[in-house]
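Take a look at the structure below.
The values are calculated or read from the model by the stated rules, or taken from the named source; none is laboratory data. Just so you know, these numbers come straight off a predicted model, no measurement behind them. Quick reminder, even Gly has a Cβ in these numbers, built from the backbone with ideal geometry, and neighbours come from all protein chains shown.
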Amino acid sequence: MAAIADHGTAAAWARAQSRRRNRLRRLPLLPALLFTIVVTQIPFVLTIYYSLQSYNFNYPLLRHFAGLHNYTVIFSDAIFRTALVNTVVLTLVPVLASLLLGLGIALLLDRKVFGRGLLRTLIVSPFLVMPAAAALVWKFTLLDAEFGLLNWVLRPFGVHHTDWVNNHSKETIITVLTWQWTPFMVLILLAGLQSQPGDVLEAARVDGAGPWQIFRRMTLPHLRQYMELGIVLGAIYVVQAFDAIFMITSGGPGQQTTNVPYYLFEAAFRAFDIGRASAMGVVVVAATIIIATFALRTISGLFSEQGMEGRL
Amino acid sequence: MHGLWIGRGRWLMAATIAAVVVAGLAACSSSGGSPAQATGKQTITVAVVNNPQMIDIQKLTPKGFEASHPNIKVKYVTLDENTLRDQVTKDVAASGGQFDVVMIGPYETPIWAKNKWIDDLSSYASKDAAYNVSDLIKPIKDSLSVNGHLYASPFYGESSFLMYRKDLLAKAGLSMSAHPTWDQVAAIAKKLKNPATGMAGICLRGKTGWGENLAPLDTVVNTMGGQWFDMNWNAHLTSPAFEKATNFYVNLIKAAGESGAGNFSFNECANAMEQQKAAMWYDATVGASVIDDPKESPIAGKLGFAPAPVDMTPSSGWLWTWALSIEAASKHKAAAWTYISWATSKQYIDYAGQQLGWARVPPGSRYSTYSNPNYRKAAHDFATATLNQINSVNVNHPGVNPQPYAGVQYVSIPEFEDLGTKVSQEITAAIAGQETVAQALSKAQGYAAPIGQSHK
């Protein structure tokens, strides 16, 4: 009896020790956590505060509390609704396009080729170039109506002085965003491809499965969660696309390429209507939180599947 | 061994925290607003637009100003027009004090003076004999003054006129009248357009921005009898006159203008002229200093200059000046005035003329520039034309009908930055053929009417 009682007390003491050790292990993270909370949450709370005010920089003395007035104004604004639609289009299309391109490139990079390391670095480079600098190169070097490389390359096919930026503004922005985010998808999908167990693929080949069958019935299901992760993370970043729109189209002819971030910028720095811009910011953050929640669920699903594979 | 591990871990943690704290302190101390030290050395931050004359003064500041004023260091922040306005307005409105001297125009000056965001310069100017207020060109000075008090000192001034290739017109057997009308200019442009050589008949601004494509468009509107707001602040963007003017402008670009006009503003058209991709150019008078500079331009000496084309008014050029003012929140006002009085003085113009060539000096600010024999020799092509053009502008009544604000190519109300940007986006869409002029103007009227309403 005494031995059992001793064992119980010893177990409780061991649990208390391990809890203390865990707390000690987390201690170095505390400065980082405090910093994150201060740097992200204080501006967010201030933004919510400003969104409830009627506050225009040009009329600083007329500032007053306005409740949800700004939210009513933005949702009844036809341009804001257009911006919402544009945001959906300018997010979904680049994300899906870069996913498909990324899948193709990742499949090609998955084999042992001479110079594979160099190829991988080159493929990843669009992601590393400053978005604003890249946008300027697209606008003036590649797409210019008079001097652009694209028109020069297409001249033998009968293309003359096409004004890509103004006549095909949405397509231009989608192309630039796809070009920028394909490397991101390549990296995620390449990780997924390389985590495929080689012996299972070998077994399938020995059993006489062709490459297309292996791809469709083994690789794709394995990549499903990587693709979901790529879509969700990519969407969270691409929804905030601003540099390309600001540098290339300034919101596009009319409002064709005005998305919510760009419209927010116009409200804050042209109209100097801080209240309205803050309300837009809150709306974008709320939508992003909803998407991020799905992202976290996917990631946890990904890890649990990995765990299950390990036990198999 | 267990004890050793905890010891090393604690050491590592302490070292990391120390490094973060030191880095944090270093970052804090290097942020702006350093107070004057014992030697009295100050740094003033000057925000300027990225036009050629401003790039020139940056090159000349170390030897021309800092050498003779060892206690003042000048730090320039150069931005394009739209970004400059964003940054500077944000700073003055929030009293950030990030800039000491800011470059503004006659649009901002009355609004910011009223909000007390910039300082009254008249007391500085009257105490500074070398500054010579009476030398400033009168319409320019008036546009920067409120109730007779000067709030910004002009660095350069401009109106707009027509620059054209005399040789190309002569080769085509055409001649430009001394006071051309827009119909005459359109006819010449259509004849000079040559798709085979990629030569546009005329280069006109199409880029989005209330100071970009709206500037020339508004002068066309004014001279064809249209206006933004009447004396009762009713918006008139869908009036027959406004529509006629906008149709004229857009159709001229489509028929004889450059391709990709929606991206073209001052710099792009200057480039097009120099690359022989355009035969004529209607834009700011300072464009002449750029494309007629024998050191840098291949077409220097081949240009003729005509007053801004008219229709129903005797003159139609716009009025703009880039001027330097002192932010009310600045902590280095005395040094700021010393810099401003140098940068906008006759002495600087003389210095720039000697160093860079007389065609490159900032024009349109002082009468003395136009009586300087060196300047007249270098700029004889366009000096008289520029001075006459600026003198012919009536800032208060530029169009056919009276208007409730002072300004030729803009409406001097705070909401105009946003309103003008939205309307100019629609104009770019019309130029690109994405919508008709009627659709663009009807949307524009929808934006303008409530703003006029709020000013009644």
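Being in contact (Cβ under 8 Å) with a residue 24 or more places away in the chain, surrounded by fewer than 20 Cβ atoms within 10 Å (Cβ to Cβ), more than 12 Å from chain A (Cβ to nearest Cβ) and out of contact with any His (no Cβ under 6 Å at 6 or more places or on another chain): is that true of residue B:456 here?
Values: in contact (Cβ under 8 Å) with a residue 24 or more places away in the chain: yes; surrounded by fewer than 20 Cβ atoms within 10 Å (Cβ to Cβ): yes; more than 12 Å from chain A (Cβ to nearest Cβ): yes; out of contact with any His (no Cβ under 6 Å at 6 or more places or on another chain): yes.
The answer is yes for residue B:456.
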For residue B:229, the lone unmet condition from (1) without any contact (Cβ under 8 Å) to a residue 40 or more places away in the chain; (2) under 15 Å from residue B:400 (Cβ atoms) is (1)
Every listed condition ((1) loosely packed, with under 15 Cβ neighbours inside 10 Å; (2) modelled with pLDDT of 95 or more) holds for residue B:384 save (2)
Considering residues that are part of a helix (DSSP H, G or I), within 14 Å of another protein chain (Cβ to nearest Cβ) and surrounded by fewer than 19 Cβ atoms within 10 Å (Cβ to Cβ), the number found within segment A:154-174 is 4
Residues of segment A:53-66 being modelled with pLDDT under 90 and loosely packed, with under 12 Cβ neighbours inside 10 Å, in sequence order, are A:61, A:62
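A quick yes/no check of all residues on (1) away from every other protein chain (no Cβ under 14 Å); (2) of a type outside the set (A, V, I, L, M, F, W, C); (3) under 12 Å from residue A:275 (Cβ atoms):
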site: A:18; (1), (2), (3): no, yes, no
site: A:27; (1), (2), (3): no, no, no
site: A:60; (1), (2), (3): no, yes, no
site: A:64; (1), (2), (3): yes, yes, yes
site: A:71; (1), (2), (3): yes, yes, yes
(request) Could you tell me whether any residue of segment B:402-422 is closer than 27 Å to residue B:142 by Cβ and surrounded by fewer than 15 Cβ atoms within 10 Å (Cβ to Cβ)? (result) yes
Exercise. Looking at this structure, is residue A:288 of a type in the set (Val, Ile, Thr), within 11 Å of chain B (Cβ to nearest Cβ) and either within 14 Å of the chain's Cα centre (by Cα) or within 21 Å of residue A:181 (Cβ to Cβ) (or both)?
Worked result: no
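This table checks each residue for (1) within 14 Å of another protein chain (Cβ to nearest Cβ); (2) surrounded by fewer than 22 Cβ atoms within 10 Å (Cβ to Cβ); (3) out of contact with any Cys (no Cβ under 9 Å at 6 or more places or on another chain).
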residue	(1), (2), (3)
B:101	no, no, yes
B:117	yes, no, yes
B:120	no, yes, yes
B:127	no, yes, yes
B:134	no, yes, yes
B:139	no, yes, yes
B:148	no, yes, yes
Residue B:263 passes all but one of the listed conditions (1) more than 24 Å from the chain's Cα centre (by Cα); (2) within 14 Å of another protein chain (Cβ to nearest Cβ); the exception is number (1)
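Of all residues in segment B:82-96, count the ones that are under 15 Å from residue B:329 (Cα atoms) and in a helix (DSSP H, G or I). So that I can check it myself, show each step before the final result.
Filtering segment B:82-96 down to residues under 15 Å from residue B:329 (Cα atoms) leaves B:87-96.
Applying the additional criterion that residues be in a helix (DSSP H, G or I) yields B:87-93.
Matching residues across segment B:82-96 total 7.
So which of A:255, A:240 is part of a loop (DSSP other than H, G, I, E, B), more than 14 Å from every other protein chain (Cβ to nearest Cβ) and of a type outside the set (Phe, Trp, Tyr)? Even if it seems obvious, please write down each step before you answer.
Working: A:255 fails: more than 14 Å from every other protein chain (Cβ to nearest Cβ).
Of the residues listed, the single one that is part of a loop (DSSP other than H, G, I, E, B), more than 14 Å from every other protein chain (Cβ to nearest Cβ) and of a type outside the set (Phe, Trp, Tyr) is A:240.
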Those residues of segment B:255-275 which are of a type in the set (D, E, K, R) and under 18 Å from residue B:188 (Cβ atoms) amount to B:258
Out of (1) away from chain B (no Cβ under 14 Å); (2) surrounded by 13 or more Cβ atoms within 10 Å (Cβ to Cβ); (3) over 21 Å from the mean Cα position of the chain (by Cα), the one residue A:127 does not meet is (3)
Residue set B:436, B:428; condition under 24 Å from residue B:311 (Cβ atoms), in contact with a helix residue (DSSP H, G or I) (Cβ under 8 Å, 6 or more places away or on another chain) and free of Cβ contacts under 8 Å to residues at least 12 places away in the same chain; output residue B:436
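Results for (1) under 22 Å from the mean Cα position of the chain (by Cα); (2) touching a residue at least 40 places away in the same chain (Cβ under 8 Å); (3) within 14 Å of chain B (Cβ to nearest Cβ); (4) under 29 Å from residue B:267 (Cβ atoms), shown as yes or no for each residue.
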site: A:93; (1), (2), (3), (4): yes, yes, no, no
site: A:110; (1), (2), (3), (4): no, yes, no, no
site: A:122; (1), (2), (3), (4): yes, no, no, no
site: A:140; (1), (2), (3), (4): no, no, yes, yes
site: A:152; (1), (2), (3), (4): no, no, yes, yes
- request: Answer with yes or no whether residue B:219 is away from chain A (no Cβ under 14 Å) and either in a loop (DSSP other than H, G, I, E, B) or touching a Pro at 6+ places or on another chain (Cβ under 9 Å) (or both).
  value: yes
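Sort through A:189, A:177 and tell me the only one that's within 28 Å of residue B:435 (Cα to Cα), under 16 Å from the mean Cα position of the chain (by Cα), surrounded by 18 or more Cβ atoms within 10 Å (Cβ to Cβ) and more than 14 Å from every other protein chain (Cβ to nearest Cβ).
Values: A:189 fails: within 28 Å of residue B:435 (Cα to Cα).
Sole residue among the options that is within 28 Å of residue B:435 (Cα to Cα), under 16 Å from the mean Cα position of the chain (by Cα), surrounded by 18 or more Cβ atoms within 10 Å (Cβ to Cβ) and more than 14 Å from every other protein chain (Cβ to nearest Cβ): A:177.
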Here the residues within segment B:232-248 that are closer than 24 Å to residue B:396 by Cβ and among the aromatic types (Phe, Trp, Tyr) are B:233, B:242
Cβ pairs under 9 Å, 6+ apart or interchain, first in segment B:284-307 and part of a loop (DSSP other than H, G, I, E, B), second hydroxyl-bearing (Ser, Thr, Tyr), ordered by first then second residue, are B:285/B:159; B:285/B:160; B:285/B:386; B:286/B:156; B:286/B:386
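Restricting attention to segment B:390-429, report how many residues are assigned to a loop (DSSP other than H, G, I, E, B), aliphatic (A, V, I, L, M) and within 14 Å of chain A (Cβ to nearest Cβ).
Taking segment B:390-429 first, the residues assigned to a loop (DSSP other than H, G, I, E, B) are B:392-415.
Keeping just the survivors that are aliphatic (A, V, I, L, M) gives B:393, B:395, B:400, B:406, B:408, B:411, B:413.
Going one step further and asking which of them are within 14 Å of chain A (Cβ to nearest Cβ), we end up with B:411, B:413.
Final tally of qualifying residues: 2.
Being in contact with a Ser or Thr (Cβ under 9 Å, 6 or more places away or on another chain), within 11 Å of another protein chain (Cβ to nearest Cβ) and in a helix (DSSP H, G or I) is the filter here; which residues of segment B:430-451 pass it?
Restricting attention to segment B:430-451, the residues satisfying the condition of being in contact with a Ser or Thr (Cβ under 9 Å, 6 or more places away or on another chain) are B:430, B:432, B:434, B:437-438, B:440-442, B:444-445.
Restricting the remaining residues to those that are within 11 Å of another protein chain (Cβ to nearest Cβ) gives B:430, B:432, B:434, B:440, B:444.
Within segment B:430-451, B:430, B:440, B:444 meet the criteria.
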Of the residues in segment B:237-276, those that are basic (Lys, Arg) and either out of contact with any helix residue (DSSP H, G or I) (no Cβ under 8 Å at 6 or more places or on another chain) or modelled with pLDDT under 90 (or both) number 1
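Suppose the filter is part of a helix (DSSP H, G or I) and of a type in the set (Lys, Arg); does residue A:111 pass it? Can you show your working first?
Numbers: part of a helix (DSSP H, G or I): no; of a type in the set (Lys, Arg): yes.
In short, no.
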Restricting segment B:61-75 to residues that are hydrophobic (A, V, I, L, M, F, W, C) and closer than 16 Å to residue B:337 by Cβ, the one surrounded by the most Cβ atoms within 10 Å (Cβ to Cβ) turns out to be B:74
Residue B:209 vs (1) away from chain A (no Cβ under 12 Å); (2) on the phi > 0 side of the Ramachandran plot; (3) crowded, with 18+ Cβ neighbours inside 10 Å: all pass except (1)
